[in-house]
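The values are calculated or read from the model by the stated rules, or taken from the named source; none is laboratory data. All values derive from a computational prediction rather than experimental measurement. Note: ideal-geometry Cβ built from the backbone for every residue, glycine included; neighbour counts use all protein chains shown. For the accessible areas, the whole protein counts, side chains as well, though only heavy atoms, and no ligand, DNA or RNA atoms are used. Shrake-Rupley method; radii C 1.70, N 1.55, O 1.52, S 1.80 Å.
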Amino acid sequence: MILAAALCTLSAAAQPKLAGNNIDEVLKAMTLEEKATLLVGGGWGSMTAGSMTASNESLVPGAAGTTRAIPRLGIPNTVVADGPAGLRINPNRPGASQTYYCTGFPVGTAIASSWNVNLVKDMTTAMGNEVLEYGVDVLLAPGMNIHRNPLCGRNFEYFSEDPVLSGNISAAYVNGVQSNGVGVSIKHYAANNQETNRNENDARISARALREIYLKNFEIAVRKGQPWTVMSSYNKINGEFTQQSYGLLTSILRNDFGFNGIVMTDWGSKAGTVTAVNAGNDLMEPGADAEIERIIAGVKDGSISQADLDRNVRNMLKYIVETPRFKGYKYSDKPDLKAHAKVARAAATESMVLLKNDGVLPLKDVKKVALYGISAIDFVAGGTGSGNVNKAYTVNMKEGLEHAGFELPKELMDYYEQYISYDKAQMALNGTSGQAGILLGQKKYAEIPVSRTAIDRQAKAYDVAVVVIGRNSGEAADRRVDNDFNLTDVERQLIGDVCDAFHLAGKKAVVVLNVGGAVETASWKSVPDAILCAWQPGQEGGDAVTDVLTGKVNPSGKLPMTLPLAFTQHPSSANFPYADYVAPGRNTFGFSTRSRGPRKDIDYTDYAEGIWVGYRWFDTKGIEVSYPFGYGLSYTQFTYSKPVVKADKNGGFTASVTVTNSGKVAGKEAVQLYVSAPSGGLEKPAKELKAFAKTKLLAPGESQTLVMEVSAYELASFNENAGRWETAAGSYTVNFASNVADVRCSAPFVLKAQKTFSVDDPKACAPKE
Ligand code: BGC
């Protein structure tokens, strides 16, 4: 008895407690069960606030997930929560009078439109402070899949059709959030470019397109941001679930890109846990006990090696010791939401894209604004699902214009407000919630007609018209062509009638697009006098739009995607699920409820367009579009001069150009550097974005020289046959452009001898022969 007690005390005393510098010691002390436990999250919770939340609600209610604690070894739980436009947690807690709102920042597509990495970093520094102060360790963001097709339901969370813009905005985002001592999870790695059947869809992609387009942005984010975590996606690539692909998670992510954090799954529970562990997927989220059992069994039967198990556990321990929760940070639950609201407003204004302006903006001598569109009231701050933020309020367009002192037509505002109230009352009466689906969020009100008689009256009495067109989308469903990408008949009628009536009265009309992604513009853009694409600009949206309409802020956003003439112009549209499709026997999540054969665009999607995504296709083929990639007007003009391109020792170059504000008001200009490659190497797009830079606010007459660096590796293309990156020798043209179709000046760059760059495994994640 005495001996047993003594041994017990001894072994208890010998148990190390995780301390930051004793990871190997702790790893050694862990049992197999404990190791398996650490690789599996704390479990499924409830569906609240528009998405899944962790079962361990006591830590941070409304957070998406946790990691499990092992108190014996001093290993705490950690908490991970969405999402890209701001922290998503429950705003209320039972029995508590305090609220836990977070700031709703502009969505991903919006901030990419700023083309300003400093602005993005400032914004996400504020966002990360809320993560820290609400007791969360990792923000499940940014979302950074490529806009392969305009209809992807989550494009609003993502940045761009171009990997260099996406990757650099993402790196800035990561650096901003992580400067708070909390982590991010860049997602969804990779090729999660459609929501339809997202859980099982097999993205069939050539190795070249995969590495140059769909992984390049992740590579840039990893190299320049060193995110703490990466979230593997739901889908497959070339037949393998991404979370179970050694090629994707270890060869490419760790060995090629140099990632050294943890990989966690997207929220689900796939069979194949053993393969996921071996592939280098460290953490299963949100975690199920069955996954722990599978890992234990896998180690016992040898299908998981001790070395692979320990590799993942070590990654987890290295992550945990960095977290605020491990460090015992005393969070306040009181971030400075007022200060962050100002940051959100500034980011929103700089992200808006002025598409057209026939002399109406900024508004001058205007006191009375006739404001149209149900979205003026039912304004969309951000998208739905896990990309939603539980914010304290949203400033809509009516409020924004009123804050600035404009007079609006009361009867028209009443008409919209009472319509919405009536609908809400009717839902209450019927006991329905207005939720379009578990993940789809609150329904978006479709446009309602306004009679021409009313519009004619308003055209007489008001100085200018503003029509707001709104769109919302989110997780679990893709957008549709009719009545979504294309405007509805009621919207067309409204724009047509308002513009006609105001023009007849000698007045002007402006359309504001409150959208998360591309919409059709070609068929109606000639009708209004100005079009401002405001995106989904976050909770301060109405004030931010007003700042731009009045000229308080000069717009400087530029499109992060092409606006085509028609949806079908995109080569990817031939292989995208754009029918209003929910397969029989399946729900909107795409979870399978019966077995069936593989169906095109649902069970598999051929990325037959290869690298010809977005402007790479339109620009190379000389196809007319509605607005080109990188397009955006200003209230001033800029001239470009003195382009200089200097070769460096390593086969790259440093480029500079001087930008002068040649107009009458202060403004900022985003300069885009596109490279045209010599012939002789692989087939290349006519131009590819390789770098970009934005000026500070330039006063009229003021100049600034922007400097951009491009390495030989960044100029390379992936040669599938040789299994390596190659930068062709020859004469390159370095184009300095205001948008892809507007090159202002250029300079040559000569590479004397070809450069090559090897990869860990050329066949990693490639299509099987
Ligand atoms: C989404 C992720 C999100 C996770 C946790 C999933 O459905 O795809 O983006 O982070 O839920 O809420």
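What does DSSP give for the chain in terms of the percent of beta bridges that are antiparallel, rounded to the nearest 5? Numbers along the way, then the final one.
Numbers: 62 of 100 bridges.
Beta bridges within the chain, antiparallel portion: roughly 60 percent.
What is the pair-distance distribution P(r) of the range 522-574, computed from all Cα-Cα distances in 10 Å bins starting at 0, with each bin given as a whole percent?
Taking all Cα pairs of the range 522-574, the binned fractions are 18, 40, 31, 11, 0 percent.
Whole-Hz Karplus ³J(HN,Hα) for the range 643-652, in order, using 6.51 cos²θ - 1.76 cosθ + 1.60 and θ = phi - 60°, x for Gly and Pro?
x, 10, 10, 10, 5, 9, 5, 9, x, x
With a 1.4 Å probe and all protein chains in place, put Val274, Val360 in order of accessible area, largest first. Before the final figure, lay out each step's value.
Values: Val274 35, Val360 15 Å².
Reading off the accessible areas and sorting them downward yields Val274, Val360.
Report the rotationally averaged projected area of the range 394-485 based on its alpha-carbon convex hull, in square nanometres. Provide the component values of the computation, followed by the final result.
Details: hull surface 31.7 nm².
Averaged projected hull area, Cα only: 7.9 nm².
State the extension gain, in nm to one decimal, for the chain segment bounded by Asp301 and Glu407, taking 0.36 nm per residue of separation less the distance between their alpha-carbons. Write down the numbers at each step before the final one.
Working: separation 106, 0.36 × 106 = 38.16 nm, distance 7.44 nm.
Net length gain for the segment: 30.7 nm.
Do you know the relative contact order of the range 129-235, to the nearest whole percent, from alpha carbon pairs under 8 angstrom that are 6+ apart?
Numbers: 197 pairs, mean separation 38.1, N = 107.
After rounding, I find 36 percent.
Rounded to the nearest 0.05, what FRET efficiency do Ala608 and Ala566 have when you use their Cβ-Cβ distance and R0 = 25 Å? All intermediate terms of the calculation are to be shown ahead of the outcome.
Values: r = 19 Å, r/R0 = 0.75.
Calculated transfer efficiency: 0.85.
Just to check I understand the Karplus step: with θ = phi - 60° and J = 6.51 cos²θ - 1.76 cosθ + 1.60, what whole-Hz values come out for the range 729-743, glycine and proline as x?
Per residue, the Karplus-derived 3J(HN,Hα) values read 6, x, 9, 9, 10, 9, 9, 9, 10, 8, 7, 4, 9, 9, 7 Hz.
How many angstrom lie between the C-alpha centres of the range 125-168 and the range 54-94?
What the calculation gives is 20 Å, centre to centre.
If you average the sequence gap of Cα pairs under 8 Å that are 6 or more apart and divide by the length of the range 394-491, what percent do you get for the contact order?
Values: 38 pairs, mean separation 21.0, N = 98.
Relative contact order of the range 394-491: 21 percent.
Go from 0 up to the bin containing the longest alpha carbon distance in the range 628-742, width 5 Å each, and give me the % of pairs per bin.
Per 5 Å bin, starting at zero, the Cα-Cα P(r) for the range 628-742 comes out as 2, 11, 20, 20, 17, 11, 8, 5, 3, 1, 0 percent.
What number, rounded to the nearest 500 deg cm²/dmol, is the helix-based mean residue ellipticity at 222 nm of the chain, given -39500 (n - 2.57) per DSSP H run of at least four residues and division by all its residues?
Working: 18 runs with 200 residues, N = 769.
Only helices count here, giving -8000 deg cm²/dmol.
Any chance you could list P(r) for the range 170-285, counting all Cα-Cα pairs in 5 angstrom bins from zero, rounded to whole %?
2, 13, 24, 26, 20, 12, 4, 1
Between Lys621 and Ser711, what FRET efficiency comes out of the Förster formula 1/(1 + (r/R0)^6) with R0 = 22 Å and r the beta carbon distance, rounded to 0.05? Mind dumping the intermediate values first?
On the way: r = 28 Å, r/R0 = 1.29.
For Ser711 and Lys621, the calculated efficiency is 0.20.
So how long is each side of the range 219-291 along the principal axes, counting just the alpha-carbon atoms, biggest first, in Å?
36, 24, 18
Based solely on C-alpha atoms, express the radius of gyration and the Dmax of the chain in angstrom.
26.5, 101
Specify the angular offset, from 0 to 90 degrees and rounded to the nearest 10, of the alpha carbon long axis of helix 410-430 from the longest principal axis of the alpha carbons in the chain.
Taking the Cα atoms of the chain, the angle to 410-430 is about 40 degrees.
Is the range 724-769 best put as rounded, prolate or oblate by its Cα gyration tensor, with a ≥ b ≥ c the root eigenvalues, rounded for a/c under 1.5, and otherwise prolate when a/b is larger than b/c, oblate when not? Write down the numbers at each step before the final one.
Details: a/c = 4.48, a/b = 1.83, b/c = 2.45.
Because a/c hits 1.5 or more and a/b fails to exceed b/c, the range 724-769 counts as oblate.
Which order do Glu33, Glu240, Glu219 take when ranked by solvent-accessible area (1.4 Å probe, heavy atoms of all protein chains), largest first? Numbers along the way, then the final one.
Values: Glu33 90, Glu240 65, Glu219 5 Å².
Ranked from most to least accessible, the order is Glu33, Glu240, Glu219.
Run the Debye formula on the Cα coordinates of the range 255-341, all scatterers equal and no solvent, and tell me log10 I(q)/I(0) at q = 0.14, 0.22, 0.23 1/Å.
-0.62, -1.09, -1.14
If you place +1 on the Cβ of every Lys and Arg, -1 on the Cβ of every Asp and Glu, and leave all else neutral, what size is the dipole of the range 711-769 about its Cα centre, to the nearest 20 Debye?
180 debye
Based on the Cα gyration tensor of the range 278-436, what are the three equivalent ellipsoid semi-axes, each the root of five times an eigenvalue, rounded to whole Å and given largest first?
So the three semi-axes of the range 278-436 are 51, 23, 17 Å.
At 4 °C and a viscosity of 1.567 mPa s, what translational diffusion coefficient does Stokes-Einstein give for the range 344-455, taking Rh as the Kirkwood radius over Cα pairs? Give it in µm²/s as a whole number.
Details: Rh = 16.5 Å.
Estimated via Stokes-Einstein, D reaches 78 µm²/s.
Let me know the Kirkwood hydrodynamic radius for the range 435-539, please, with Cα pairs as the basis and the value in Å to one decimal.
14.8 Å is the Kirkwood radius here.
Among the lysines, select those whose C-alpha is under 24 Å from the C-alpha of Lys690, and discard any that sit fewer than 8 residues away in the same chain.
Cross-link targets: Lys121, Lys187, Lys216, Lys224, Lys558, Lys621, Lys642, Lys646, Lys649, Lys668, Lys752, Lys755.
Taking the Cα-to-Cβ direction at Ile420 and at Asp456 and moving 7 Å from each Cα, how far apart do the two end points lie in nm?
3.0 nm
Under a no-solvent Debye model with one identical scatterer per Cα of the range 678-769, what's log10 I(q)/I(0) at q = 0.12, 0.22, 0.24 Å⁻¹?
-0.52, -1.19, -1.31
Quote the FRET efficiency, to the nearest 0.05, computed for Asp358 versus Glu769 with a Förster distance R0 of 51 Å and r equal to the Cβ-Cβ distance. Walk me through the numbers before you get to the answer.
On the way: r = 56 Å, r/R0 = 1.10.
Result of the calculation: an efficiency of 0.35.
Over the range 642-721, what is the relative contact order in percent, taking alpha-carbon pairs closer than 8 angstrom and at least six residues apart? Please report the intermediate quantities before stating the final value.
On the way: 142 pairs, mean separation 29.8, N = 80.
Relative contact order of the range 642-721: 37 percent.
Among the lysines, which have Cα under 26 Å from the Cα of Lys28 when same-chain residues fewer than 8 positions away are ignored?
Excluding near neighbours in sequence, the set is Lys17, Lys300, Lys318, Lys327.
Tally up the carbon and sulfur contribution to the accessible surface of the chain as a whole percent, 1.4 Å probe, everything protein left in place. Present the calculation step by step, with values, prior to reporting the outcome.
Values: 14420 of 27270 Å².
C and S fraction of accessible area: 53 percent.
Could you count how many Lys pairs in the range 412-522 have their Cα atoms under 28 Å apart, skipping same-chain pairs fewer than 8 positions apart?
So the count of such lysine pairs works out to 5.
Mean projection of the alpha-carbon convex hull of the range 623-668 over all orientations, in nm²? Before the final figure, lay out the partial values.
Working: hull surface 21.4 nm².
Value for the range 623-668: 5.4 nm².
Can you sort Glu411, Glu520 by solvent-accessible area, 1.4 Å probe, largest first? Intermediate values should be presented prior to the final figure.
Values: Glu411 90, Glu520 10 Å².
Final ranking, largest accessible area leading: Glu411, Glu520.
With a probe of 1.4 Å, find how much accessible area the chain has per residue, and write the answer as a whole number in Å².
On the way: 27270 Å² over 769 residues.
Accessible area per residue, the chain: 35 Å².
Kirkwood hydrodynamic radius (Cα pairs, Å) of the range 123-171?
Numbers: mean 1/r = 0.0830 Å⁻¹.
Taking the inverse mean of 1/r over all distinct Cα pairs, the range 123-171 comes out at 12.0 Å.
When you have a sec, figure out the Kirkwood radius of the range 70-177 from all distinct Cα pair distances and drop it here in Å to one decimal?
Values: mean 1/r = 0.0670 Å⁻¹.
Mean inverse Cα-Cα distance, inverted, gives 14.9 Å.
Would you mind checking the tilt of helix 289-300 against the longest principal axis of the Cα atoms of the chain, expressed as 0 to 90 degrees and rounded to 10?
50 degrees
Would you mind checking the range 94-121 for residues with the amide N under 18 Å from a putative spin-label position 7 Å along Cα→C-beta of Asp742?
Only 113-116 fall inside the zone, counting backbone N under 18 Å.
What angle, in degrees between 0 and 90 and rounded to the nearest 10, separates the Cα long axis of helix 337-351 from the longest principal axis of the Cα atoms of the chain?
Roughly 60 degrees between the two axes.
At a probe size of 1.4 Å, how large is the accessible area of Ile237, to the nearest 10 Å²?
Its heavy atoms expose roughly 0 Å² to the probe.
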